[in-house]
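To keep things clear, I will list the structure first and then write my remarks on it.
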């Protein structure tokens, strides 16, 4: 498979192209996140693999990856990885999100929740996936989940039961995600060219994620409706 069009940048041009700073690029060079540039006399030149690797780092950071986690991801890339290899990894590793999260401070979060939030309440919302604490003290908010969480709180369900609910979902959703992913990746070891097969997977995954999410919603809705009906039917309510 042919590589992408040949590109060449000075460090200033690479910074402008990727919306970052020269200082950041130098830091990534020193920390090993970017490979060394090609030296020609007094100037250093970067190519498409540098650009795509830098964009991959930015994408993963935006989705909550730490620099330590990104370093591990990049360390698993094959030696001499091409721009195409990096583009495939970017497509596979950039998470799909069905809704845009918003970043707010504690005051704004409390306004949206409609009440003051202590550490215990924040921990419960985080366990439910309604919020995610960011390093700068702000919160990434999934508004649809926050609204449902606050409605649940208004029914006086104990916070401990809410956290147990989150734990049950996390336990089974991880297993489900691993099994679905195993189906997609199962034939990669049989492929004549694993890199070509990986490129095919990169095209499948963006469509698989929303399909799998919708299937889970539909099937879980039907299953929980059935489970609730069965539990209600089993109840023995004494006559008044």
TODO: For residues that are assigned to a helix (DSSP H, G or I) and either surrounded by fewer than 16 Cβ atoms within 10 Å (Cβ to Cβ) or free of Cβ contacts under 8 Å to residues at least 24 places away in the same chain (or both), scanning just the stretch 30-57, find the one that is farthest from the chain's Cα centre (by Cα).
DONE: 30
TODO: Assess whether residue 157 counts as being within 30 Å of residue 114 (Cα to Cα) and modelled with pLDDT of 85 or more.
DONE: no
TODO: Taking only the stretch 1-23 into account, find how many residues are surrounded by fewer than 16 Cβ atoms within 10 Å (Cβ to Cβ) and at pLDDT 85 or above.
DONE: 10
Open item on the list: Are there strands (runs of 3 or more DSSP E) fully within the stretch 85-187 with at least 3 residues that are outside the structural domain of residue 70 (by TED's automatic domain parsing), touching a residue at least 40 places away in the same chain (Cβ under 8 Å) and surrounded by fewer than 14 Cβ atoms within 10 Å (Cβ to Cβ)? List them.
Closed with: none
Open item on the list: With the structure loaded, tell me whether residue 193 is within 21 Å of residue 93 (Cα to Cα), out of contact with any strand residue (DSSP E or B) (no Cβ under 6 Å at 6 or more places or on another chain) and modelled with pLDDT of 80 or more or whether it fails that test.
Closed with: no
Task: Qualifying positions in the stretch 193-209 - farther than 20 Å from residue 76 by Cα and free of Cβ contacts under 8 Å to residues at least 24 places away in the same chain - done: 204, 207
Task: Search result, residues across the stretch 58-76 that are assigned to a helix (DSSP H, G or I) and in contact (Cβ under 8 Å) with a residue 24 or more places away in the chain - done: 58, 59, 60, 67, 70, 71, 74
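The values are calculated or read from the model by the stated rules, or taken from the named source; none is laboratory data. Since the structure is predicted, the reported quantities are computational estimates derived from the model, not experimental observations. Ideal geometry is used to build each Cβ from the backbone, glycine not excepted, and the neighbour counts take in all protein chains shown.
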